[in-house]
Amino acid sequence: MNKFEEFNTLLVQQVGAKTGSIAPSIVASAAFGYQDAQEAEAIFAGEAALPLYARMGNPTNAKLEAVAAAMEGGVGAIATASGMGALAMVMTAFLKQGDEVLCIGGFFGGTYALVNETMKRFGVKSHFCDADDFGKIEEILAEGVQMVLCESVGNPNLKLPNLGRIGILCREYQTLFVVDNTLTPLIVRPFEAEADIVIYSSTKIISGHSAALGGLAIFRGVGEGDEKLRGQKYQPLHPFIDKLQEKAMIGICKKRALRDLGMTANAFGSFLTLLGFETLALRVERINRSVELFAGELSALLPDGYTLRHPSLATHEHHSRYQELYPDGCGSILTLEAPDKESAFGLLDRLKLVTQTANVGDNRTLALHMSSTIYRDFDAKTRELLGVSDGLIRISIGLEDPRVLVQDFVQAVL
Ligand SMILES: *Cc1c(COP(=O)(O)O)cnc(C)c1O
């Protein structure tokens, strides 16, 4: 079985139930009654695995969390209101004033703003390094940071960080390693690269239908001889380890973030996300095949002045890493660089099949001009760092016939 077949064979049945309602149940209650005072005490003490209050979790979210944890091979997961909610949860649960975060590779605009603006206001310092600048990465790690954050594929710069090498460094320097794997579920396995926490915006390819905003944080288990998490740097985690052992990271996120800040997923959103999970492997497999085909065909047909960027193309700086480590592709995104903003706008407005929107990983093919939208608030230097030029269009390939998409782009380029 390849990993897609494995997912379909072993996990799809878990999304619902085998008896009674086979579709996942939506438990819409905000509060849950306790049988008696003793049960209430046990639930609040974490000794009874029953719902406490929907901000701390609910049975529909729990179903989604179980499926997500099984997909990733984690010890558990927490469903959040959005991908940003998952990132904000992990950061606020683990970091405090004076702590530092090392961000490696390309970053989604919202994540960049969270780290560089919001967390900064609360006294958390951030460092940004290019994915391949291991000299600087190691120098910063040696000085001591509390968290390393990385996206599995740079969005929109499409750089492919060497997660395995970063994971080894995080072990050596005993630093929490968080990977945002939004673009590459089932394709990139961050726990195999020694990540501690895997983040998803489930709004994207996990749902696929654009009907539910959602996020997931999936946690590895804390082990007995866990030098990293039992070390000095993560002292606030230690009481949770004493109480919850391998599930300690779930405990700290629930108590320090969900309870106090409330970025919890809602039951209806989690239900819709579960429906996405049922067909995830099929969509990932198809879309990744289509991206390669689209990139290969369209790049050969573009006039001078237009550049298609995707790691499957020999012109991309991480082409050999792609060939070696990404046999199933690297997600739905590629970028098309037009000579300037006007030509990018003209091209976008002439496309007939494509939807212009800020989402990615959708069942439909989407496109968006970057610098006038998601990156409009960033200064020129930051845009350059993130790889956003004036003519840059981000494309996210959907389920359509990729050859027909190529024709649509060819007629739109003019
Ligand atoms: C969209 C996205 C996010 C944010 O997720 P939301 O669900 O929109 O809050 C975070 N990381 C990446 C890589 C994304 O593409």
- Report yes if some residue within the range 208-217 is away from the ligand (no atom under 15 Å from the Cβ), under 19 Å from the mean Cα position of the chain (by Cα), surrounded by 24 or more Cβ atoms within 10 Å (Cβ to Cβ) and of a type outside the set (Lys, Arg); otherwise report no. no
- Query: Are any of the residues in the range 83-90 surrounded by fewer than 24 Cβ atoms within 10 Å (Cβ to Cβ), in the same structural domain as THR9 (by TED's automatic domain parsing) and not aliphatic (A, V, I, L, M)?
  - Reply: no
- Message: Just to be sure before I move on: is SER299 polar (S, T, N, Q) and within 18 Å of the chain's Cα centre (by Cα) in the structure I sent?
- Response: no
- Query: Taking the stated definitions as given, is GLU47 open to solvent by 70 Å² or more (accessible area, probe 1.4 Å), under 28 Å from LEU213 (Cβ atoms) and acidic (Asp, Glu)?
  - Reply: no
- Message: Take GLU278 and tell me if it is within 22 Å of GLU5 (Cα to Cα) and part of a helix (DSSP H, G or I).
- Response: yes
- Query: Here are GLU143, GLU192: which of them is open to solvent by 10 Å² or more (accessible area, probe 1.4 Å), more than 14 Å from the chain's Cα centre (by Cα) and under 15 Å from PHE219 (Cα atoms)?
  - Reply: GLU192
- May I ask you to list the residues in the range 30-44 that are open to solvent by less than 50 Å² (accessible area, probe 1.4 Å) and either at pLDDT below 90 or in a loop (DSSP other than H, G, I, E, B) (or both)? PHE32
- Query: Restricting the range 365-399 to residues that are more than 19 Å from the chain's Cα centre (by Cα) and of a type in the set (Lys, Arg), which is farthest from the ligand (Cβ to nearest atom)?
  - Reply: LYS381
- Just wondering, is there one or more residues in the range 157-172 that are within 13 Å of the chain's Cα centre (by Cα), under 22 Å from MET249 (Cβ atoms) and within 16 Å of the ligand (Cβ to nearest atom)? no
- Residue that is farthest from VAL148 (Cα to Cα), among those in the range 53-111 that are assigned to a loop (DSSP other than H, G, I, E, B) and within 16 Å of the ligand (Cβ to nearest atom): ALA81
- Item | Residue in the range 356-374 that is without any contact (Cβ under 8 Å) to a residue 24 or more places away in the chain and acidic (Asp, Glu) present | no
- Query: Any idea how many residues of the range 112-142 are among the basic types (Lys, Arg) and outside any helix (DSSP H, G or I)?
  - Reply: 1
- ILE199 being in a loop (DSSP other than H, G, I, E, B), touching a helix residue (DSSP H, G or I) at 6+ places or on another chain (Cβ under 6 Å) and either within 14 Å of the ligand (Cβ to nearest atom) or open to solvent by 10 Å² or more (accessible area, probe 1.4 Å) (or both): no
- Determine which single condition THR182 fails, assuming it passes every other condition in (1) at pLDDT below 95; (2) surrounded by 24 or more Cβ atoms within 10 Å (Cβ to Cβ). (1)
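The values are calculated or read from the model by the stated rules, or taken from the named source; none is laboratory data. It should be emphasised that the depicted structure is a prediction, and the values quoted were computed from it without experimental measurement. Reconstructed Cβ throughout: ideal geometry from the backbone, glycine too, with neighbour counts over all protein chains shown. Just the protein is used for accessible areas: all its heavy atoms, side chains included, with ligands, DNA and RNA removed. Shrake-Rupley method; radii C 1.70, N 1.55, O 1.52, S 1.80 Å.
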